[in-house]
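For reference, the structure discussed in these notes is given below.
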Amino acid sequence: MRFLVITLIVHRPDPVTGITPSARDRLREVVDSAVLAEELGFDGFGVGERHERPFISSSPPVVLSHLAARTSRIRLFTAVTTLSLLDPVRAYEDYATLDNLSDGRLELIIGKGNGTAQRELFNVTPEDQWDRNAESYELFRQIWRQDTITAQPRYRPALHEAEVWPRPYQQPIRVWHGSATSRESVDLAARYGDPLFSANVTNPIEPYAELVHYYRQRWAEYGHDPALAAVGAGTAGFHVAPRSQDAVAAYAPVFAGQLAFQRSMGMEPVFPTLEDFIERSSALIGSPQQIIDKVHRYHEQFGHSVLHLHAEAGGLPPAEHRASLELFQSEVAPALRRTIPDPPWPWAPVLPEAAVTAAAD
């Protein structure tokens, strides 16, 4: 099993202290989190894309390019790239550049995105968002693989023998499809033989498991080898401590702050108490053995081989969050790596043929 830490770069008051950092300081926290993740041995670091408050993750290629310069090994993920909002040609240019700058450490998780404000910002409607997502992905995929492209898309100007530069470092790039609530993203992933990443953060396991099962069904119906299907899954919260009582006590003020924030935004919490949150959500809060057991329970439903945790403290004292990540890597991750397989591909970058030949020489 492989482990990512991700951030959506939420920019709001700390749920415990009530202090809102500046945008500069919040982005610096993201950089520090990525450097720490590599230091501790995590396999990937992901940056979300949102175009509405309370997020400042509107430009993941810029953030990830900076992280590429500050790290050397860890794989860099988008979580997610909202292709329904983007011109696929411009998105390709950004990510092909990043792919070269990172020496092929980039992986994309794509999705149509959510949120009314960001959809309206880009003049995307609920009726056309799924078609836009599928069309943008098809064009993005073709541009990545072909030196020239001719296409007559609905949602951007036509392309005729167009060249788009720079050419990428990886050929092809691995693209995951983010899945939260609907079958469209799931079907798109299965159609192209791409891996699926379940959001798995807002609700209990049942709706997510249903989508994962649908993905495997459609994967087989599209004629792909069932052994090559791959699934990742998110977690709703994270804190591990040697004793479960200490983990729960430390997380209690964080959860209380998150609950108050949800209610201030007019949202009715799915999990109204901390006990319910720990029991019925995907949150990993407890002792190392409790975390291991819960991941295995989810694995029975998902068969997932990649798991993401929250990159940042989110209200915990930074030293306590670091200790939690260290404990995860020393006691939880080794046990899960031994018992849950990796994805069905090498984790190293997909090198271009020229680079492979040079390395062999």
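Coordinate-derived values only; no laboratory data. Everything numeric here is computed off the predicted structure, so don't read it as measured data. FYI the Cβ positions are ideal-geometry reconstructions off the backbone, even for glycines, and counts take in every protein chain you see.
For the chain, modelled as a GNM whose springs connect Cα atoms under 10 angstrom apart, the maximal fluctuation among Phe77, Phe45, Phe55 occurs at Phe55.
Convex hull volume of the Cα atoms in the range 91-179, per residue, in Å³? Walk me through the intermediate numbers first.
Details: hull volume 9.0 nm³, N = 89.
It is 102 Å³ per residue.
Here, the range 214-361 has an Rg and a Dmax of 19.1, 62 Å when only alpha carbons are counted. The residue among Gln171, Pro226, Ala252 whose Cα reaches farthest toward the positive pole of the charge dipole of the range 2-360, with charges on the beta-carbon of Lys, Arg, Asp and Glu, is Ala252.
For the pair Arg145 and Arg53, label points projected 7 Å from Cα toward Cβ lie 4.3 nm apart.
What's the extension gain from Ala220 to Phe122 if we count 0.36 nm per residue and subtract their Cα-Cα distance?
Once the chain is fully extended between Ala220 and Phe122, it gains 31.7 nm.
With only the Cα atoms considered, the chain has a convex hull volume of 142 Å³ per residue. Within the range 244-327, the proportion of Cα pairs with more than 23 Å between them is 26 percent.
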